[in-house]
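A.B. asks: Mind looking over this structure? Questions follow.
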Ligand SMILES: [Zn+2]
């Protein structure tokens, strides 16, 4: 048994001050204000020294950790995210990998997730390769999936990934995309589709919703604008995502509000509400030089053409940025970075601190600086 004492427990809609959390194996078995919770005599005590306790962060979309791509060096990438409070994540495989590299990466990440202690944080894959619109996104020259959709090629990928794939990104305007979606769905019934790197019309996106399109990849980034006339604003991906209540919006929230302008963050939060925002890192490791005008930026990644190509974020920093740009509370950002992604992925035991839930717990200060991290009931970092 373990007990975290002297903490304020962060719930989705309130806080529990002077709290205690008791953990047995990998499960929370008791929780609440200190006067109402008995600490078992044999429990190992972790004094939180007043830090806040929230559910472990869940990053559904990250390609890298620090200097390391997940598909190349999953261990240091995973360890970096874990140190920053992310206890569940989906490594994202990008469109610069061809079919063979994709399959190799799936195999490597699957065995890492089963065999390495740090691999326990990997809960599946985020497929950001076939089939997007090559007009949108960094590194478009190297999009290996520009050509026509070929069942003979993509079916191997679907078979290899199976239910390890949790999110599959699509540009709904690609020719024959519905056939592709049906083929994915046949093999992976629980898959979530996400509109990504796209200039689809509302109607093209709506055609995918019945198959499980419930997510928008880095909302407002790498999306088109179908202006029909110079005088009239067209409607495209961003508007459709904002309109549909059952589509979650991923947001990359960097410190300067470059990926998503702070005003846009506030607008999206107002439209989508607290239950449909998901913070992601979209961390990449291209390490191109910082172009003019971006001096001092620490949490954006550039490619070698000087284009913005993902971030250098971890979710703790994204949460801190979100509080700054939108005035969101600590409860809110734990929703955006843990509860909501758990809901999207159907991870019922995650994303919330409550009796019976999984004991992935982070201790943070009021600015989301991570002190301690508990993974599967084991305190793997304790620094209060
Ligand atoms: Zn990405």
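A.B. asks: I'm trying to understand the selection: among the residues of segment 71-99, which are modelled with pLDDT under 95 and either away from the ligand (no atom under 16 Å from the Cβ) or surrounded by 24 or more Cβ atoms within 10 Å (Cβ to Cβ) (or both)?
C.D. replies: If the condition is that a residue be modelled with pLDDT under 95 and either away from the ligand (no atom under 16 Å from the Cβ) or surrounded by 24 or more Cβ atoms within 10 Å (Cβ to Cβ) (or both), then 94, 95, 98, 99 are the ones that fit.
A.B. asks: Follow-up. Select from segment 221-235 the residues that are under 29 Å from residue 299 (Cβ atoms) and more than 16 Å from the ligand (Cβ to nearest atom) and write down the one among them that is surrounded by the fewest Cβ atoms within 10 Å (Cβ to Cβ).
C.D. replies: Checking each candidate, the answer is 225.
A.B. asks: Of the conditions (1) in contact (Cβ under 8 Å) with a residue 60 or more places away in the chain; (2) within 16 Å of the ligand (Cβ to nearest atom), residue 258 fails just one. Which one is it?
C.D. replies: (1)
A.B. asks: Going by what's in this entry, would residue 238 be described as away from the ligand (no atom under 16 Å from the Cβ), without any contact (Cβ under 8 Å) to a residue 60 or more places away in the chain, farther than 21 Å from residue 93 by Cβ and in contact with a strand residue (DSSP E or B) (Cβ under 6 Å, 6 or more places away or on another chain)?
C.D. replies: So residue 238 passes the test.
A.B. asks: Still on this structure, please answer the following. In this structure, is residue 268 more than 26 Å from residue 374 (Cβ to Cβ), in contact with a helix residue (DSSP H, G or I) (Cβ under 8 Å, 6 or more places away or on another chain), touching a residue at least 40 places away in the same chain (Cβ under 8 Å) and not assigned by TED's automatic domain parsing to the domain that holds residue 366? Walk me through how you get there before you give the answer.
C.D. replies: Numbers: more than 26 Å from residue 374 (Cβ to Cβ): yes; in contact with a helix residue (DSSP H, G or I) (Cβ under 8 Å, 6 or more places away or on another chain): yes; touching a residue at least 40 places away in the same chain (Cβ under 8 Å): yes; not assigned by TED's automatic domain parsing to the domain that holds residue 366: yes.
The answer is yes for residue 268.
A.B. asks: Sort out for me the strands (runs of 3 or more DSSP E) sitting completely within segment 20-105 that have 2 or more residues that are out of contact with any helix residue (DSSP H, G or I) (no Cβ under 8 Å at 6 or more places or on another chain) and in the same structural domain as residue 127 (by TED's automatic domain parsing).
C.D. replies: 86-94
A.B. asks: Say whether the condition of being more than 28 Å from residue 196 (Cβ to Cβ) and in contact (Cβ under 8 Å) with a residue 24 or more places away in the chain is met by at least one residue in segment 56-73. Step through it out loud before you land on a result.
C.D. replies: Let us first name the residues in segment 56-73 that are more than 28 Å from residue 196 (Cβ to Cβ), namely none.
Looking through segment 56-73, none of the residues is more than 28 Å from residue 196 (Cβ to Cβ) and in contact (Cβ under 8 Å) with a residue 24 or more places away in the chain.
A.B. asks: List the residue pairs whose Cβ atoms are under 8 Å apart, where the first residue sits in segment 101-128 and is within 16 Å of the ligand (Cβ to nearest atom), the second is at pLDDT below 95 and assigned to a strand (DSSP E or B), and the two are 6 or more positions apart or on different chains.
C.D. replies: 128/94
A.B. asks: Here is a list of conditions, (1) at positive phi; (2) within 16 Å of the ligand (Cβ to nearest atom); (3) not in a strand (DSSP E or B), and residue 306 meets all of them except one; can you say which number that is?
C.D. replies: Residue 306 satisfies every listed condition except (2).
A.B. asks: List the residue pairs whose Cβ atoms are under 6 Å apart, where the first residue sits in segment 215-231 and is assigned by TED's automatic domain parsing to the domain that holds residue 92 and on the phi > 0 side of the Ramachandran plot, the second is away from the ligand (no atom under 16 Å from the Cβ) and at pLDDT 90 or above, and the two are 6 or more positions apart or on different chains.
C.D. replies: Between residues of segment 215-231 that are assigned by TED's automatic domain parsing to the domain that holds residue 92 and on the phi > 0 side of the Ramachandran plot and residues that are away from the ligand (no atom under 16 Å from the Cβ) and at pLDDT 90 or above, the close pairs are 220/238; 220/264.
A.B. asks: Which one of these is on the phi > 0 side of the Ramachandran plot and assigned to a helix (DSSP H, G or I): 162, 119, 137?
C.D. replies: 162
A.B. asks: Away from the ligand (no atom under 16 Å from the Cβ), within 29 Å of residue 77 (Cβ to Cβ) and in contact (Cβ under 8 Å) with a residue 24 or more places away in the chain: which single residue out of 298, 275 fits that description?
C.D. replies: 298 is the lone residue from the list that is away from the ligand (no atom under 16 Å from the Cβ), within 29 Å of residue 77 (Cβ to Cβ) and in contact (Cβ under 8 Å) with a residue 24 or more places away in the chain.
A.B. asks: Considering segment 203-220 alone, what residues qualify as being surrounded by fewer than 22 Cβ atoms within 10 Å (Cβ to Cβ) and within 16 Å of the ligand (Cβ to nearest atom)?
C.D. replies: Correct list: 220 only.
The values are calculated or read from the model by the stated rules, or taken from the named source; none is laboratory data. Keep in mind it's a predicted model, so treat the numbers as computed, not measured. Every residue, glycine among them, receives a Cβ derived from its backbone with ideal geometry; neighbour counts consider all protein chains shown.
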